[in-house]
Every structure is written in structure tokens, then in C-alpha cells.
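Step one of this worksheet: look at the structure below.
Nothing in this text is a laboratory measurement; each read-out follows from the coordinates by a stated rule. On a predicted model such as this, the values are computed, not experimentally measured, just so you know. Methodologically, a virtual Cβ is constructed for each residue, glycine included, from the backbone with ideal geometry; neighbour enumeration extends over all protein chains shown.
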Amino acid sequence: MENEYYAHETAVIDDGCKIGRGTRIWHFTHIMPGCTIGNNCNLGQNVVVMPEVILGNNVKVQNNVSIYTGVICEDDVFLGPSMVFTNIINPRSAIIRKDQYMSTYVEKGATVGANATIVCGVRIGRYAFIGAGAVVTHDVAPYSLVVGNPARHIGWMSEYGHRLYFDETGIAECPESKEKYQLINNQVRKLK
């Protein structure tokens, strides 16, 4: 049976990977054993996906990204150029800690900007937006916009990736989709 995904001739895909229909894997990318990659994903040039990583459907991974064991990304996640995940909280070259890998969970629709670092053991909420170069050391709330080192919350984002500005009643509207959002008790939810 012919592959239902595309892999550039320089890509290395180890045995035991599950790769979904319509996924594209580009130059010099290495997919290690036991990975699960969903449908319609795009993995750019020079990406490394370590063993047992799980990527949902429609995940976009830009060039030079490292995704280490313990990372799970839900559907529609965007991983910007040269961002990196970690999986050990206190790495040392001479001390083997493969039994101490920590999980990192990225929920549906979240964006991680270029050159950001996600320290292991955190959860990034639905549609959160991690600014370029941010260093994330704690959980990030759904729809939250975080920037800096260490990353700090500075606002809220719509599902279309626009900054939300809430009025005195706690309502904001996405300028592109016109969808409305409500801010209550420092939590955002999309109104139906």
C-alpha cells in the first residue's frame, strides 16, 4: 500500500510511526519510533520528533523545531520556527534521567511563536498564544496571550489570533470573525 502522506526524500521516518493522510514531511526531518502524527499536518525542514510524541490533526510545525518525548499536541496547534520543547527539568550530561521525562500538553488551536521555549511539565490551554521568544515555565490559560522571559500574561486572544479588548461588561469581539468572547473571573470563553 502506498503512503497516504508525503515525505521528502531526505526525511528519515523510523519504523513504528503512525502518520495520517495528507500530512507533509519536508527536508531533513527525522520522525523517531512510536510517534503518532495526525491527518493534514505539515512538518517543515529540519524538524526532530522524538519517540512517542503525539501530534493531532492539522498541526503545523515550522522549520528547525524540536519536539521531545512527553509532548502531546491536540488538533490545529501551530509551532513557530525554531521553538523548542524540553522534557527533563534538570538535565545533566553525565546523569541519565530518561525515567524522569515530564509531559507537556498543548491544547487545541494554541500557537507557540518563533524561538519560544516550553519548559516541560506545563499545559498550554486552548487557543493560547505564546509570543516569539517567550520562555514558558508555568501553565498558560486558554485564550491567554503570554510574552517574555519568563512568560507573563499580558492579554487575551481570539480563536482567529487577534488581541481581544473587553468592554466594561466583560465582552470583546474578534475583529475578523466577529465572534464574541466573555471575560469572567480571569477566564475567557467564546459566546455562542
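Couple of notes before you dig in:
- Whole-Å distance, taken between Cα centres, linking the stretch 4-50 and the stretch 131-192: 32
- Charge dipole of the stretch 6-157 about the Cα centre (unit charges at C-beta), most positive-ward option of C120, V135, C35: V135
- Cα centre as origin, Lys/Arg/Asp/Glu Cβ charges: the stretch 6-157 dipole, Debye: 240
- In the stretch 6-157, taking the dipole from charged Cβ atoms about the Cα centre, the farthest positive-side position among A110, G22, V12 is held by A110.
- Here r is the Cβ-Cβ distance between I154 and D15 and R0 is 35 Å; the resulting FRET efficiency, rounded to 0.05, is 0.20.
- Gain on full extension, evaluated as 0.36 nm per residue between R163 and D75 minus their Cα-Cα distance, stands at 29.5 nm.
- Within the chain, percent of DSSP bridges classed antiparallel, to nearest 5: 25
- Among V119, V53, the ranking by other beta carbons within 10 Å of each residue's beta carbon, starting with the fewest, stands as V119, V53.
- Overall shape: oblate for the chain, with the ratio a/c of the largest to smallest alpha carbon gyration tensor axis at 1.5 or above and b/c at least equal to a/b.
- FRET efficiency estimate (nearest 0.05) - Cβ-Cβ, N40 to I171, R0 30 angstrom: 0.35
- Whether the stretch 72-138 is rounded, prolate or oblate, judged on the alpha carbon gyration tensor where a/c under 1.5 counts as rounded: prolate
- Near the amide H of I124, within less than 5 Å, lie the amide hydrogens of Y105, V106, E107, V140, all on another chain or at least 5 residues away, with H placed in the peptide plane.
- Order of E179, E4 under a 10 Å beta carbon neighbour criterion, fewest first: E4, E179
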